[in-house]
Amino acid sequence: MDRGLVFIVGGARSGKSAYALGRASNCKGRKVYIATAQALDSEMSARIDAHRIERGEGWETIEESLHVAAAIAGLGAGSVVVIDCLTLWLSNLLHSGMDDEKIKEAVDALAAACALSLSPVIAVSNEVGLGLVPENPLARRFRDLSGWMNQKMAAKASEAWLVASGIPLKLK
C-alpha cells in the first residue's frame, strides 16, 4: 500500500477494524495502532483489552484520545498506521468542551496530516447517519459532526471503503 490515507467507514461491529488490521498486516514495516478510546469504565476497558488481543503481537499502540494529528505527524516514514476510531476521537473532542469550529479545525488538521503522512494511514470511522434523527441536541450535534468529519476524511483519502456485515465495498 502506498503512502496516503485509506478511509474505512461502516456501522458498529461491522468488521471495519478487522478489515483495517488485515490491510495493514499486509504492509511492510512498523505497525502502529493509534487507539482513541479511553477506558472510562469497566465495559470500555474490556473492549480495549479485546482489541489488543485481536491485534496480536507486532503492533505498537499509541493511546491518543485528542491529539491524533500530532501523533501522525510525529511518526515519519517506514510505518503503516491504523487509527481506530475517528468517532470515538470526535466524542472525546466534544466531551473536552470544544466548540464546533475548533472541532472542524481539528478534523481539517487530521485529514491533512493523514494525507501528507510519509507512511500509509488507515482511518476507521463509524457511519452514524443511517438511522433515526436523534431525540436530543447533543446526539444530533454528534451525528452531524460525524457526517461532516467522514465526508472530509473520505475526500482526502486515496481509497474509501464501506464495510457492511463484514464485507468491504469499495467507494473510491
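Bear in mind that the values in this text are calculations on the coordinates, not laboratory data. On a predicted model such as this, the values are computed, not experimentally measured, just so you know. Don't worry about glycine lacking a Cβ; one is built from the backbone with ideal geometry, like all the others, and counts go over all protein chains shown.
Quick one: angle between helix 100-116 and the longest Cα principal axis of the chain, in degrees between 0 and 90, rounded to 10, please.
20
Can you compute the charge dipole magnitude of the chain about its Cα centre, using +1 on each Lys and Arg Cβ and -1 on each Asp and Glu Cβ, nothing else charged? Give it in debye, rounded to the nearest 20.
About 580 debye.
Among Q38, M98, T87, which residue has its Cα furthest toward the positive end of the charge dipole of the chain, with +1 on Lys/Arg Cβ and -1 on Asp/Glu Cβ?
T87
Taking the Cα centre of region 23-98 as the origin, how large is its charge dipole in debye, to the nearest 20, when only Lys and Arg (+1) and Asp and Glu (-1) carry charge on their Cβ atoms?
For this selection, approximately 380 debye.
Could you give the longest part of the chain that holds none of the GluC sites (Glu not before Pro) found in DSSP loops with at most 14 neighbouring Cβ atoms within 10 Å?
58-134
Just to compare against my own numbers: the Cα pair-distance distribution for region 90-137, 10 Å bins, whole % per bin, please.
Reading upward from the zero bin: 20, 40, 32, 7, 0.
Let a ≥ b ≥ c be the square roots of the eigenvalues of the Cα gyration tensor of the chain; is it rounded (a/c under 1.5), or, if not, prolate (a/b larger than b/c) or oblate?
Rounded.
Set the bar at 22 Å for Cα to Cα. Now go through K16/K156; K16/K172; K102/K170 and name every pair that lies beyond it.
Pairs exceeding the cut-off: K102/K170.
Let a ≥ b ≥ c be the square roots of the eigenvalues of the Cα gyration tensor of region 32-118; is it rounded (a/c under 1.5), or, if not, prolate (a/b larger than b/c) or oblate?
Oblate, because a/c is 1.5 or more while a/b does not exceed b/c.
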